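The values are calculated or read from the model by the stated rules, or taken from the named source; none is laboratory data. Since we're looking at a predicted model, the values are computed, not measured. Cβ atoms come from the backbone with ideal geometry, glycine included; neighbour counts cover every protein chain shown. The protein model used for the area step is the full one, side chains on, heavy atoms only, and it has no ligands, DNA or RNA in it. Shrake-Rupley method; radii C 1.70, N 1.55, O 1.52, S 1.80 Å.
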Number of protein chains: 2
Amino acid sequence: MALLDRSLRDLLTAFSSPDPTPGGGSAAALASAVGASLLAMVTALPKTRDGTEENRAALASAAAVLAGIREQLTAAIDADTAAYDQVVGAYKRPKGSPAEQAERKAAIQEALRAATDVPLGVVRLSAGALEQAKTVAAHGHRAAASDVGVAVALLRAGLLGARLNIETNVGSVSDAAYVEAVTAETVRLSEEAGRAAGEAEALLWVR
Amino acid sequence: MALLDRSLRDLLTAFSSPDPTPGGGSAAALASAVGASLLAMVTALPKTRDGTEENRAALASAAAVLAGIREQLTAAIDADTAAYDQVVGAYKRPKGSPAEQAERKAAIQEALRAATDVPLGVVRLSAGALEQAKTVAAHGHRAAASDVGVAVALLRAGLLGARLNIETNVGSVSDAAYVEAVTAETVRLSEEAGRAAGEAEALLWVR
């Protein structure tokens, strides 16, 4: 059954079980999906920061971007588990003959790239949501400041968690150009997102 | 329906809706519950860091503590939403007569304390889980290092999120001694937990 269709209670039990999945990759995607959802919530509140048209227009623009990000982060929760299951399956392939060994090696490489691409998507989406968090912090209702603060903390954690999964998986990928491109993008987005998160947090405590 | 009984998909939709609950408080408890679950997972893996009896004994001890923490963090997800609903209900009480005004004021104060005590519990439990994270990082299987890293990031985010909710609610509590005690404990636990998280992270990258 898809993780998205399981009850929260069952999901927490699944995270605590020693089965290979779900693990940290899906947990990171979940954290960012909750963060993006909380930001979407603040954009949808009837009240805005100052009650101006400017506030409403800015929040509507953020809401449109966050809707897409939220949907993709939600999908990444199951996608990460599927990708990791593929890695585990590839390592279990037969390796008796040279042909089997070559096929197994190719399957492992393909699976590792998929298991890197999913958390790379989570890094990109989390960074995108943190960019929108600045707008939500500047124009959203003050009474929801702690919700925006929690959202920023969850998106930071989701991004870092996805980054840890990228680092783990990309270390076994043999395509050097791919490894270099993924690593460079991850570092760049982490830095940009860290700045955006800090700016959003600074806006929240201006009263 | 309890949040724990809802599907993950419905829960994410609920977090994104403009209804007052569920909000950042339940999201913070959820983040820490997932973090504690991932730590429990690593304690239950068949492999340990060096395959020693010492590893196994340390992980068994951490597992016992984490089981209780995980259960209480899981309960806090719904408890925070119930407490916040109580605050909203108290503010909606009639305030026509002096007697009604006094009753409303008392109900608001009682509800605000409950809405502070729940995230204070999340701060305590998250700090307790981060203390155990040091043991899990030192004795758990190296292949699960990224899971421990994600767990630490989620517990940091859950603790910070709970702290933001405490600060929001305690600001309207009139009992100065309670406010001072809660604030002091929150600051102390945040500092201790930050140190524990840093120590756990440092252990993870020792290869």
Practice prompt. Tell me which residues, restricted to segment B:11-40, are out of contact with any Asp or Glu (no Cβ under 9 Å at 6 or more places or on another chain) and more than 9 Å from chain A (Cβ to nearest Cβ).
Written response: B:Ser32
Worksheet entry | Enumeration of residues in segment A:1-10 that are in a loop (DSSP other than H, G, I, E, B) and within 7 Å of chain B (Cβ to nearest Cβ) | A:Arg6
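Hey, can you tell me all the residues within segment A:180-207 that are free of Cβ contacts under 8 Å to residues at least 40 places away in the same chain and either of a type in the set (A, V, I, L, M, F, W, C) or within 12 Å of chain B (Cβ to nearest Cβ) (or both)?
Start the filter on segment A:180-207 by keeping residues that are free of Cβ contacts under 8 Å to residues at least 40 places away in the same chain, which leaves A:180-181, A:183-184, A:187-188, A:191, A:194-195, A:198, A:202, A:206.
Answer for segment A:180-207, where residues must be free of Cβ contacts under 8 Å to residues at least 40 places away in the same chain and either of a type in the set (A, V, I, L, M, F, W, C) or within 12 Å of chain B (Cβ to nearest Cβ) (or both): A:Ala181, A:Ala184, A:Val187, A:Ala202, A:Val206.
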Worksheet item: For segment B:165-179, which residues satisfy the criterion of being touching a residue at least 40 places away in the same chain (Cβ under 8 Å) and in a helix (DSSP H, G or I)?
Response: B:Asn165, B:Ile166, B:Asn169, B:Val170, B:Tyr178
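Condition check ((1) touching a Gly at 6+ places or on another chain (Cβ under 9 Å); (2) hydroxyl-bearing (Ser, Thr, Tyr); (3) over 16 Å from A:Thr116 (Cα atoms)) across all residues:
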site	(1), (2), (3)
A:Ala44	no, no, yes
A:Asp50	no, no, yes
A:Glu53	no, no, yes
A:Ser61	no, yes, yes
A:Glu71	no, no, yes
A:Gln86	no, no, no
Item to complete: List every residue pair whose Cβ atoms lie under 8 Å apart, where the two residues are 6 or more positions apart in sequence or sit on different chains, the first residue falls within segment B:5-26 and is touching a residue at least 24 places away in the same chain (Cβ under 8 Å) and farther than 14 Å from A:Ala143 by Cβ, and the second residue, located anywhere, is among the acidic types (Asp, Glu) and open to solvent by less than 70 Å² (accessible area, probe 1.4 Å).
Response: B:Pro22/B:Asp80; B:Ser26/B:Asp78; B:Ser26/B:Asp80
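Give B:Thr116, B:Thr81, B:Thr43, B:Thr48 a once-over and let me know the one that is at the interface with another protein chain (Cβ under 9 Å from one of its Cβ atoms) and either surrounded by 18 or more Cβ atoms within 10 Å (Cβ to Cβ) or within 19 Å of the chain's Cα centre (by Cα) (or both).
Details: B:Thr116 fails: at the interface with another protein chain (Cβ under 9 Å from one of its Cβ atoms); B:Thr81 fails: at the interface with another protein chain (Cβ under 9 Å from one of its Cβ atoms); B:Thr48 fails: at the interface with another protein chain (Cβ under 9 Å from one of its Cβ atoms).
Every option except B:Thr43 fails the conditions.
For every residue, the table says whether it meets (1) open to solvent by less than 70 Å² (accessible area, probe 1.4 Å); (2) in contact with a Ser or Thr (Cβ under 7 Å, 6 or more places away or on another chain); (3) of a type in the set (Lys, Arg); (4) farther than 30 Å from A:Asn169 by Cα.
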{"residue": "B:Glu71", "(1), (2), (3), (4)": "no, no, no, yes"}
{"residue": "B:Ala75", "(1), (2), (3), (4)": "yes, no, no, yes"}
{"residue": "B:Gly89", "(1), (2), (3), (4)": "yes, no, no, yes"}
{"residue": "B:Gly96", "(1), (2), (3), (4)": "yes, no, no, yes"}
{"residue": "B:Arg104", "(1), (2), (3), (4)": "yes, no, yes, yes"}
{"residue": "B:Ala107", "(1), (2), (3), (4)": "yes, no, no, yes"}
{"residue": "B:Glu131", "(1), (2), (3), (4)": "no, no, no, no"}
{"residue": "B:Gly140", "(1), (2), (3), (4)": "yes, yes, no, no"}
Worksheet item: Within segment A:84-106, is there a residue that is under 15 Å from the mean Cα position of the chain (by Cα), assigned to a helix (DSSP H, G or I) and closer than 23 Å to A:Val182 by Cβ?
Response: no
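Restricting attention to segment B:57-69, and to residues there that are more than 12 Å from chain A (Cβ to nearest Cβ) and touching a residue at least 24 places away in the same chain (Cβ under 8 Å), which single residue is surrounded by the fewest Cβ atoms within 10 Å (Cβ to Cβ)?
Initially, segment B:57-69 is screened for residues more than 12 Å from chain A (Cβ to nearest Cβ), giving B:57-58, B:60-62, B:64-65, B:68.
Narrowing further to those that are touching a residue at least 24 places away in the same chain (Cβ under 8 Å): B:58, B:61-62, B:65.
Values: B:Ala58: 20, B:Ser61: 14, B:Ala62: 24, B:Val65: 18.
Here the answer is B:Ser61.
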Fill in: Residue among A:Ala143, A:Ala157, A:Ala162, A:Ala153 that is within 11 Å of chain B (Cβ to nearest Cβ), assigned to a helix (DSSP H, G or I) and at pLDDT below 95
A:Ala143
